[in-house]
């Protein structure tokens, strides 16, 4: 009987990309200025690492019982995004951190949800799913986008008093969002777990690893992701210029797609198997986790790790996109039914945003 | 058998605060410059007076039959807010008037509704309620916030032509909102009353007073509220500075909580008794009454009572908060079901706004 | 047996206005500077021509089978609006073109829908209708308004780089909207037609004309509309000044009501006959057709026909009105039930916009 990790790698072609992990480190010491090459290599290395990380988290979660497991999934589910953002945070690249937060929210809400609806709808005429989870996540997301709206729209934020206000408000909002996220877990994992039943046990689809292997993978791969992320963050801006992409497009679209690749694979496979509960849960759950857990944690960690404190002020266009994405998710999941065209509509919304960001002249970010 | 007014006072600890009514008047003639003290005393005096006013209105309403009673409740239900706003109007404090209108709408929609859901949800696992009333009130509120959005966002309102435009538009919108409110009453009390059945007869929970006592209380207490409101309005700004609160926070949060204390007591007690119809009806009904009746009446009365005409231009932040509050109420009441976490989400939204207003640097109101 | 065209004219008093068609042409050659008179005459001539056009399109559609017919209705249903807009496009009056697009979307969504609900509700206590069609059209409209929001809110659009960005983005968005519209037809006419059943066959209410007559009418009347539209477009600005109306009001309200008169007649008659499926389908279908087909086609045609390319940048106020109209339609049709007051609410929203546009000082458009 083969080692479960090797079996997994043989089974999942995405993991063959693991070969790029050593290649990145080799590349960085041999050609530290080949930014475009390093960018491509780091993307190719992050995708399989994210997949491993996601499987390891789920395996630990499966072993530790439903409540602790749900908690673990809810805190470590976006570990890749968190580690990438931490690398950018330590480098003081707050614009990239914020673009990747906003981009992950919009990409998960529109691209992951829309593509799940479309892929599921191409195979199944009409699909039904449990609305309870979608409603909870959409509610949390709506709260988070409103919380991000406030510091981003205060007109006098450039004055000294304004800057202090934004900073204090950001810390208060960060704490409030984490509390809301925690209470949401209490609600869905403890007091009202029967409402979210089908979405929950759906996630135990794949065979879990033994606990020791899962924990070791979790630790080892996190370190690898952190190391590769540093190469990624260092090379991303110059690579973007080489590709003719605006920094807004890279932060919003490319980083979000790279960081979320593993979850997308699960969400799309769930949709094809007519288990839309699972897909909707992953897409909106991941978006709300980034908005209510990853982003606030980054604000708080910036006091320890960053060169200066980070606030929750976003570029107004990003706030508008997050608000529209949240509203779209809320309107679209309201009926609990889906067909292929719903997916098209949601994907088109994402395309509108991606198009605008791609064409945006460099100054206007 | 004791007098019903005395029995009520003995029964309801809130009414023991009535002792502060004479204390306010004594304080004002003895120490007219002790603004902070007078502010605290006037708040303590308004709360029991508002409770009496609310009970008197309901007693008259109970005696005059369903339709006339509903009409009376709908016009006098926010008498306290109206009288406080009239005192501010006569003093020409239009910023306070507008902040208290916007604040009452947001506080009723988010705080009163959210706390009702939370208090009810802590006692009952899942609560169901009649959506018809919530839909009607949310629709009226949405109309009103859009109507307030228009004059508040015209860019050239500072020019002479712009100012005239805003003033004419405000009067037209005020008339339109009052007509919409009137037609809404015709709909819910007359042509389609069967849809709103359970919410209606719920309000006759407490034993009504005899008509004579109710009318006398209504008249007498209104005069007392008017007198105490003048002390409140005169002292509020300086007391706010003493407490380190911004004027925006005072108008939006403090005045709204003081003016709505009586309704909140009823809404919360309804939620605990699993009569959420009642709570939702009070919270959203009160908000829509302020938006479609109190605010327009104040605009029209400003031509008679105020030093200059008042318009319907609000601080853009206030309009955004009203819009978000209305949208939240509309999304949240859409399902007709509630659990404790729904209350948490709505309360958190209120906290986000309250936090921002509390921290706001003084210039940015 | 009389000729079907003559029978139709005798039957439908609106068609008696056809007498104004020759009068317009006579007026234009005799008194080319009597702008106000020519404006009134051209309005009186367009209304019956639009009615004929609409009937001819439906007759051809009825003869060519359900799918091809639906396709024809979906492309030619707003032929009058398209021809008027083309006349304005050729004259380089892009402000009028855009105002009439935005106005047609808002007028169809709020006025046509609201008046249908009100007229139906005055006759029937509660009306139910198939939500599927309303949901689809509201989704398409929401996508379109978000697509129009992006180019309209980019801050630096006045710079050279910004202008090029807006132009490229407008063309990309135009193509994307046409694709979305086409996929929407594929969905509602082909893959999921059973969902939209009742709304579809409802439209075959009137006796269709023979194919030859219908095609001849379609061709001949289109030419007449084009000729009258030129008089209309030439005279509208000066007539507006004579009537004391702002250009924004004329483009938004007057042109939209004139261009949509024929569809309104059908929608209102459907509502009175308790066939709200039909009314909602016409109102929202027409709005989404203008947003996703007419407007993008005009952008693309402006490269061939106009003096300079037209972009999709709208006056921010117009974008806000379109967004609110779409959101209102989506909230209001969510329940699939209607009563008279729903119509009042939607009409009031329209009145708020019309009032603001009527009173707007000329500079602020």
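Values computed for the structure shown
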quantity: Residues (loosely packed, with under 14 Cβ neighbours inside 10 Å and not in a helix (DSSP H, G or I)) located in the range B:1-29; calculated: B:1, B:2, B:3
quantity: Index of the failed condition, residue A:32 passing every other in (1) over 30 Å from residue A:184 (Cβ atoms); (2) part of a helix (DSSP H, G or I); calculated: (2)
quantity: Spans of helices (runs of 4 or more DSSP H) in the range B:255-365 with at least 1 residues away from chain A (no Cβ under 14 Å) and more than 29 Å from residue B:91 (Cβ to Cβ); calculated: B:261-272, B:276-289
quantity: Qualifying position, being crowded, with 22+ Cβ neighbours inside 10 Å and out of contact with any strand residue (DSSP E or B) (no Cβ under 9 Å at 6 or more places or on another chain), among C:271, C:265, C:356; calculated: C:356
quantity: Breaking point among (1) within 18 Å of residue B:217 (Cβ to Cβ); (2) in contact with a helix residue (DSSP H, G or I) (Cβ under 8 Å, 6 or more places away or on another chain), for residue B:19; calculated: (2)
quantity: Close pairs (6 angstrom Cβ cut-off, 6 or more residues apart or separate chains): over 12 Å from residue A:79 (Cβ atoms) in the range A:207-233, modelled with pLDDT under 85 anywhere; calculated: A:208/A:59; A:208/A:62; A:209/A:4; A:209/A:59; A:211/A:63; A:214/A:56; A:214/A:59; A:214/A:60
quantity: Residue among C:114, C:139, C:77, C:70 that is more than 14 Å from chain A (Cβ to nearest Cβ), in contact with a helix residue (DSSP H, G or I) (Cβ under 9 Å, 6 or more places away or on another chain) and at pLDDT 90 or above; calculated: C:114
quantity: Segments classed as helices (runs of 4 or more DSSP H), wholly inside the range A:76-129, with at least 3 members that are out of contact with any strand residue (DSSP E or B) (no Cβ under 9 Å at 6 or more places or on another chain), touching a residue at least 24 places away in the same chain (Cβ under 8 Å) and within 15 Å of residue A:226 (Cβ to Cβ); calculated: A:79-90
quantity: The listed residue being away from every other protein chain (no Cβ under 14 Å), on the phi < 0 side of the Ramachandran plot and surrounded by fewer than 24 Cβ atoms within 10 Å (Cβ to Cβ), out of C:91, C:104, C:85, C:99; calculated: C:91
quantity: Any hit, the range C:156-165, residues being over 22 Å from the mean Cα position of the chain (by Cα), within 29 Å of residue C:343 (Cβ to Cβ) and either more than 11 Å from chain A (Cβ to nearest Cβ) or surrounded by fewer than 18 Cβ atoms within 10 Å (Cβ to Cβ) (or both); calculated: no
quantity: Criterion violated by residue C:148 - all others in (1) within 14 Å of chain A (Cβ to nearest Cβ); (2) surrounded by fewer than 24 Cβ atoms within 10 Å (Cβ to Cβ); (3) at pLDDT 90 or above satisfied; calculated: (2)
quantity: Residue within the range A:174-194 that is within 7 Å of chain B (Cβ to nearest Cβ) and over 22 Å from residue B:331 (Cβ atoms) present; calculated: no
quantity: Unique match (being surrounded by 20 or more Cβ atoms within 10 Å (Cβ to Cβ) and on the phi < 0 side of the Ramachandran plot) among A:183, A:136, A:119; calculated: A:136
quantity: Hits in the range B:147-194 (condition: closer than 16 Å to residue B:320 by Cα and in contact (Cβ under 8 Å) with a residue 24 or more places away in the chain); calculated: B:147, B:148, B:149, B:151, B:152, B:153
quantity: Test result for residue C:320, more than 17 Å from the chain's Cα centre (by Cα) and buried (at least 21 other Cβ atoms within 10 Å of the Cβ); calculated: no
quantity: Of the criteria (1) more than 15 Å from the chain's Cα centre (by Cα); (2) more than 23 Å from residue A:295 (Cβ to Cβ), which one residue A:226 fails; calculated: (2)
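The values are calculated or read from the model by the stated rules, or taken from the named source; none is laboratory data. Bear in mind the structure is a predicted one, so any value in this text is a computation, not a measurement. All Cβ positions, glycine included, derive from the backbone under ideal geometry; neighbour counts span all protein chains shown.
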